[in-house]
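Notes follow the structure.
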Amino acid sequence: MAGGMIKDVLHEADLNLGGKPEKIIMLKCPACGTLNEENSKFCQECGQKI
Ligand SMILES: [Zn+2]
């Protein structure tokens, strides 16, 4: 489980309220649709190469 990482992303989004949210870029897994951090090479959910 990588719940901690997801929590960090949500917290960062919270801090950006009122500003431009474009800093947060998520990569959508082509296999399962899970959103991964932009520097991810593999899906954190299913391991599919992004
Ligand atoms: Zn996936």
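The values are calculated or read from the model by the stated rules, or taken from the named source; none is laboratory data. All of these numbers come straight from a predicted model, not from anything done at the bench. Neighbour counts are summed over all protein chains in view; Cβ atoms, including those assigned to glycine, are modelled from backbone coordinates with ideal geometry.
Observations on the structure shown:
- Scanning the stretch 27-50 for residues that are of a type in the set (Gly, Ala, Ser) and under 19 Å from Asp8 (Cα atoms) yields a single hit, Ser40.
- Pairs with Cβ under 8 Å, 6+ apart, first in the stretch 26-46 and part of a loop (DSSP other than H, G, I, E, B), second among the β-branched types (Val, Ile, Thr) and within 6 Å of the ligand (Cβ to nearest atom): Cys43/Thr34; Gln44/Thr34; Glu45/Thr34; Cys46/Thr34
- Across the stretch 9-50, the number of residues qualifying as at pLDDT 70 or above and among the charged types (D, E, K, R) comes to 7.
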